[in-house]
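These notes concern the structure reproduced below.
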Amino acid sequence: MSKKLRLQVGAAVIVGALAFIVLHGANRFTQYFVSVQQYRTHYAQYRGQVLRVEGTMLASSVHYNSATSTLRFTLMGDGQSLPVEYQGPMPSEQFQNADAIVEGQMNAQGVFVAQKLMVKCPDHYTPATSAAAG
Amino acid sequence: MTMPLLGRYALVLAGLGALYVTGFGWWANRRRDLRAQESVRGAAVAVAVSLTTAVLVLEYLLVTGDFAVQAVFNHTNRALPIGYRMAALWGGDSGSVLFWGWILSLYTAWVAWRGWPREGQMTPMVVPLLGGLLLFFTGLSNFVANPFRLVPGHPTDGSGLDPLLQNVVMSIHPPAMYTGLIGLAVPAAYLLAALWVRVPSREWTAVVRRWTLWAWMFCSAALVLGGMWAYMELGWGGYWEWDPVENAALLPWLTATAFLHALQMEERRGMFRWWTAILGVSSFLLTLVGTYITRSGVLKNSVHAFTGTGVGPYFLILMGAGFAYAVGVLWLRRDLLRDRIELGDTFSKESLYLLLNVFFTAIAAVVLVGTFYPVLSQALWGQTVVLSVHFFNRMTAPMFLALVLLLGLAPAVPWYNARLREAVRRQRWPWAAGLAAGALAWADGFRTGLAVGGVVVTVFALGSMVQEYARAAQARIRAGTRPWPRALWAAATQNRRRYGGYLAHIAFLIIVLGVIGSHTNNVTVTQTVQPGSWVSVADYRIRFNGLDVVTHPGYQTTEANLTVIQGSRQWTLAPGASFFPGTAQPVADVAILGGLNQDLYVVLEGWDPGGQIATLEVFVNPMVSWIWIGMYVLVAASLWAMSHRTGPAAEVVTAAEPRAPLAWRRAQPLLERGDQA
């Protein structure tokens, strides 16, 4: 086998192996990323899976139990809502509706138990009490 | 004239200057009109002066708090300390674009002013190329994201800076990142100009390498600083999460690292030229991809999606144009990209360099595909799918370790053809050190194959680098330089480029050890405590003494007062949570007790507002500080390598060319003559 051919075969093997492990890995480590509305409408498809749901964290629904450090709130999206429970730090008192992503799964009681809560940072930070609204 | 108006005029002037540099520069090159080319040189400096004026005006407005200006109103307020007001320059889109353009203009002016006499064959083309980019940035600043736009009404206070950005590291990380990312445009421009004008490679490799090393140093430091910020500020105990924004910064770093090594190949052997050219160009193009990711919010799974003024799509257009241009140049100059030497043996230094290119590119490909997977899956199957952290870890870790192995092997593997047995024999001590470290790691509780194997390979590579230093010192001692520290110093200062490079390898290996260590045997405990009760984690005992509320200008912090005892030593820690009006979540004030072996990392998770109960999350993170130490060493090593060839001899390019390669070329008459003909 000529050197050039050997090199090309070697390169093809490396690229092939790489493509295989990437595709294989992509199948094993995926998570669906859906909106509240999608999650509600196609729930049967997502039952029992850990996934990410995106929606708006409703300020008025936020309830924090300091004894168990459990945060409960409702995630809204396109008229659908999803009750979420999350173990983590207490939110601020002056709380605004914020876009958030939760990662977790539904429990038997129909509450979405989030292992992770990501509240998006807005484009620019706008405090609730700013008098000089642009 | 009001200050904001001065800023606007400066921007307009900069835009016109950039137009002149690009259009007239191109025309002057076509006409080969020397006087016109000189005027382009001056115009490049004028653009830098205009943009410097604009930046200074914006800084002045930020510091004095002119809240009628949009960029000031959006990102500062009265309560903000002066340091953060200055850093608010890059707090938002419009300021960031101006800042990018400004740094680019400084680079362009430097090339026009200092590089012109030295690299005169390339600079007349490099300056208009960079001028095209300047035109893009000044265009954005003038028409899309003008920082000097006024806010209606007469606001007396601004919105304030995002609390997460109010961190010392965060005021260094963005400028370092920008300096690095924009810096990658310069070597790409030089490379394309050199190919287009058919400058022989020995004329351009030195200048391209120096610019790449400069940019690469900033990119590396900025990546680690970004991790440091996440570690200090986000309060989840880690420093890297494969977030799209992090990946965006990692991508150009990967290809730029490979490019630095590929340049070595170009200079020493004239081989794998397609790799070199593509890596250089794609490092720059990937910075635009990264900017598109961060500025467009296309990847919604990111926490940091900075949406807003809508500058994102423009970067995509710029990337497309840059890509098309680069492909055109490379294709039309494909005759220059033929290799000078054919690959000899399958096992040789050349093949290690080739594998290095392959692995860095493969990692970049995995990260790129993984980052855009949500978009790809949406387009292909109509379903947004996100790849988890495990995907990136599993895919890239083995390839990074393969790179570490290559790094360790390289010094013992000669050019053209090599014998495996000889390489192992030469490196028996490094291998022994690696295996011993692996055994120690096993005894210390490292159990996964990746962790133990990683320690073996990394320590082997460290040993290999140390051996190179030792060999150099020995040669000096034999030549009569004593004692050995002096010999070592003499060797390291003589060839700063090589030993600076080895030191950079050592720094990278320290970081790799830190990454492996911090993923092994970390402990996390979450516990709800009352005043007087204890939390025990690893060998730390933590006593909770109560809660304090501290009022700062503009925000309030609730702190847990803790006493930490480890053996006979005692510390006081105060992890807290800060409330900034209007934010959804409090900003964690993580308390970190840093150490070489491990960090104690305490987060105040929650508390009972009325009473004194608090929930603490305590992490023991091993070896994280190694990553920070590695970064400092890396910066020092890069500066060391860059300081090679300074002084009066470096003023003109022919004299500045290193003597060693010249001597080497003379030693290779056959191949060299063929090349020059």
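The values are calculated or read from the model by the stated rules, or taken from the named source; none is laboratory data. Predicted model only: the values in this text are computed from it and were never measured. Cβ sites come from the backbone with ideal geometry, for glycine too, and all protein chains shown count toward neighbours. Ligands, DNA and RNA are stripped out before the accessible areas are found, and what is left, the full protein with its side chains, is counted by its heavy atoms. Shrake-Rupley method; radii C 1.70, N 1.55, O 1.52, S 1.80 Å.
In table form, for the structure just shown:
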read-out	value
Estimated 222 nm signal from helices in the protein assembly as shown, with DSSP H stretches of n ≥ 4 weighted -39500 (n - 2.57), rounded to 500	-18500 deg cm²/dmol
Where only C-alpha atoms are counted, convex hull volume of the range B:317-416 per residue in Å³	149 Å³
Centre separation in Å (Cα based) which lies between the range B:75-128 and the range B:549-609	37 Å
Rough spin-label spacing in nm, given labels placed 7 Å along Cα→Cβ, for B:Gln570 and B:Gln474	5.3 nm
Lysine pair number, Cα distance threshold 20 Å (strictly under), the protein assembly as shown, separation 8 or more or different chains	4
Probe 1.4 Å, all protein chains present, accessible-area order of B:Arg486, B:Arg209, B:Arg541, B:Arg35, largest first	B:Arg35, B:Arg486, B:Arg541, B:Arg209
Whole-Å semi-axes of the ellipsoid equivalent to the range A:33-119 (Cα gyration tensor, √5λ, descending)	21, 15, 10
Kirkwood hydrodynamic radius of the range B:508-556, from inverse mean 1/r over distinct Cα pairs, in Å	14.4 Å
Reduced Cα scattering model of the range B:523-625, Debye log10 I(q)/I(0), q = 0.23 Å⁻¹	-1.23
Cα-derived Rg to Rh of the range B:429-520, Kirkwood definition	1.10
Compactness of the protein assembly as shown, expressed as Rg and Dmax over alpha-carbon positions, Å	28.1, 86
Mean Kyte hydropathy of 1.0 or more with a Cα span along the axis of at least 20 Å, helices from DSSP in chain B	B:3-19, B:34-64, B:123-139, B:168-183, B:312-332, B:349-381, B:389-409, B:624-642
Compactness of the range B:594-639 as Cα Rg over 2.2 N^0.38 Å, two decimals	1.79
Descending semi-axes in whole angstrom, ellipsoid equivalent of chain B, from the Cα gyration tensor	42, 37, 22
Size of the range B:408-562 as Cα extents on the principal axes (Å, biggest first)	67, 39, 29
Average Cα contact separation per residue, the range A:33-119, under 8 Å, 6 or more apart, as relative contact order %	29 percent
Probe 1.4 Å, accessible area per residue of the protein assembly as shown, Å²	43 Å²
Mean Cα-pair separation over length for chain B, i.e. relative contact order, pairs under 8 Å, 6 or more apart, %	10 percent
Relative contact order, percent, the range B:523-625 [alpha-carbon distance under 8 Å, six or more residues apart]	26 percent
Calculated FRET efficiency for the pair B:Asp345/B:Arg198, C-beta based, R₀ 30 Å, to 0.05	0.40
The range B:114-207, Rg to Rh (Cα coordinates; Rh as Kirkwood inverse mean 1/r)	1.17
Surface/4 of the Cα convex hull for the range B:380-422, nm²	5.5 nm²
Mean shadow area of the range B:209-288, taken as a quarter of the surface of its Cα convex hull (nm²)	5.5 nm²
Rough spin-label spacing in nm, given labels placed 7 Å along Cα→Cβ, for B:Arg447 and B:Trp236	2.5 nm
Where B meets A: accessible area buried, both sides, 1.4 Å probe, Å²	4600 Å²
Taking the C-alpha atoms of the range B:1-161, convex hull volume expressed per residue in Å³	95 Å³
With eigenvalues of the C-alpha gyration tensor scaled by 5 and rooted, the range B:364-462, Å	36, 19, 7
Carbon and sulfur %, accessible surface of the range B:1-161 computed with the full protein complex present, 1.4 Å	65 percent
